[in-house]
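Asker: What follows is a structure written as structure tokens; I'll ask about it next.
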Amino acid sequence: MTSVWKRHGSFEVPLRDFSTDFRVLVQDVESAYKLGPHRSIVRVDVRPYGDFVEWARSQEPDWDRYAWDGTKVLVAQRRLPKSAMDHYENPDLERAGVTVDEWLRLGFEHYIDSMARSIADGKNVPPLVAVEGEPIDGRHRALAALRLGLSVAPIINLGDADGARHLGGTMQRDQLTSIRETFLDPRHPMRTQLAAAAQRVYDDWQVDEEGYDWQVGVGGICHLIADAMTDVLSTYGVWAVSQSCSVGEVHVNVIAQFREGVFVVDINPYNYETGGGYTWKKRPDITFTPDFVTAERIDSDPFNLQAYVEGYEDEGFGRASKPASARLIEERLGRCLGNAIRTCMVPQHFKGCPEIAFVAARAVERLGHEAIIVVGRGRTSTGEIVGHVWVEIPMLDLGIETNPSQMRGEPRVAAVLDIEDFEAYETIGYYPEVLAQIGPGAERLLLTEAAERLYDKLADRVARCVRR
């Protein structure tokens, strides 16, 4: 995902895109302030953050929090040996030639500098958090932003009920994805893709000599793997959420809704890490295979999610609902469309922009808005003039770029853009009326019955993914 610190305006973002620690913090705040059921998607507003800076400066520093960083600086300066990290909370300060205050000040400065570098590098740093406009979390992130000279910062206002959406979703049982036909079928790619998603998280887990990672510290990556697996499951229309459990060990797995019931989808953490509690070390050179991924049924009733998912509420997902917001479509449609098409097993139906436009337009209509398929010409990112097909959503002033790789040099399947971004294209006509104008060149715009069924199925999947 694009870092919320690199974006502008207002937009919605799934909380599962952030670490478990941040999601737990949000839930704790919601509970403490009695803000209702826990959110799964929140609105982020990018605005000036002077109120957060003032609040941060008024807070007493949490000096114990900076012990790791303070010792790490002294080791880096060769004032202490590397072994000092084994007892970072109680280093030999006399040997290092510093006082306790100097040690903790070094840690504080290093902590803020590290946070600033993560923001500048576009890493997945959470936004600032307010309740009814009052700062509640993010003092270090605010100070890091100030150190970078940023004029605005991303902020979640948990007191804004209109800017939040909650966990939700039941459909008719026969509409749910079958685990027998997907995960349990060795010919189906779901299990392989779940393992591949976990492999990417593992490969991105970069630890230094002390076993420290910028994102997870000395902790493990089970929460990141769980989040990655929920993304894969959503591409198959499976409602899923990552959730922490504390039976035996602190661990995060996935609760998933299939036609056959509620399942726990998981990968044993000891396959890829060693340790316990909140301290884990990476096992080297691990290759994730499909048999790493397990699914255990915990309830035969797929609609009994409230018994297993904290904060679950039945919002009647899958039945008639109000049109999706422009922010939601901007934030999620491009990714959901790309995921659905990448997992399509009939590649001959996706040779380029016309086919993607058919799925995109159908998905927009399922989200409650009129969609227009436009046929025309445009200049590619290399300067060539080519025929092109794209989708416009007039009531939202948005459009869907169906070939951003060729047209804009962006390696994505689809992208939701402002309608003004399509003004450079030449419009020939609108589908299906344009078929009579272009005659023999319209073969790819003539849909077979099989293609119609496929596009409808994928559009349903995309719409469910956007609303989830």
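No value in this document is a laboratory result; all are computed from the given coordinates. In this text the structure is predicted, and so the values were computed from the model without any measurement. Using ideal geometry, Cβ is built from the backbone for each residue, glycine included, and neighbour counts are taken over all protein chains shown.
Asker: Using only Cα positions of the stretch 4-164, each an equal point scatterer, no hydration layer, compute I(q)/I(0) via Debye at q = 0.15, 0.17, 0.19 Å⁻¹ and quote the log10 values to two decimals.
Answerer: Taking Cα atoms of the stretch 4-164 as identical point scatterers yields -0.85, -1.00, -1.14.
Asker: Among M229, M407, which comes first, then next, by fewest other beta-carbon atoms within 10 Å?
Answerer: Ascending Cβ contact count within 10 Å gives the list M407, M229.
Asker: Under the Karplus relation 6.51 cos²θ - 1.76 cosθ + 1.60, θ = phi - 60°, what is the ordered set of whole-Hz ³J(HN,Hα) values for the stretch 181-190, x standing for Gly and Pro?
Answerer: Per residue, the Karplus-derived 3J(HN,Hα) values read 8, 10, 4, 8, 8, x, 7, 8, x, 4 Hz.
Asker: Output the pairs from K123/K281; K82/K123; K6/K82; K123/K282 with a Cα-Cα distance over 25 Å in this structure; if there are none, say none.
Answerer: As for pairs spanning more than 25 Å Cα to Cα, those are K82/K123; K6/K82.
Asker: For the stretch 76-88, just list the computed ³J(HN,Hα) in residue order, Karplus coefficients 6.51, -1.76 and 1.60, θ = phi - 60°, integers in Hz, with x standing in for Gly and Pro.
Answerer: Using θ = phi - 60°, the values come out as 4, 7, 6, 8, 9, x, 4, 5, 4, 5, 5, 9, 4 Hz.
Asker: Counting pairs of Cα atoms in the stretch 96-149, how many percent are more than 17 Å apart?
Answerer: Summing the P(r) of the stretch 96-149 above 17 Å gives 46 percent of all pairs.
Asker: Something else now. Mind giving me the nanometre distance, one decimal, between the label points for R173 and N124, set 7 Å out from Cα along Cα→Cβ?
Answerer: It works out to 3.5 nm between the two label points.
Asker: Okay, moving on. Distance between the C-alpha centers of the stretch 119-155 and the stretch 354-392? Whole Å please.
Answerer: So the separation of the two Cα centres works out to 36 Å.
Asker: For E273, what residues show an amide H to amide H distance below 5 Å, using hydrogens built from the backbone and excluding near sequence neighbours?
Answerer: R283
Asker: Given just the C-alpha atoms of the stretch 71-113, how large is their convex hull per residue in cubic angstrom?
Answerer: 62 Å³
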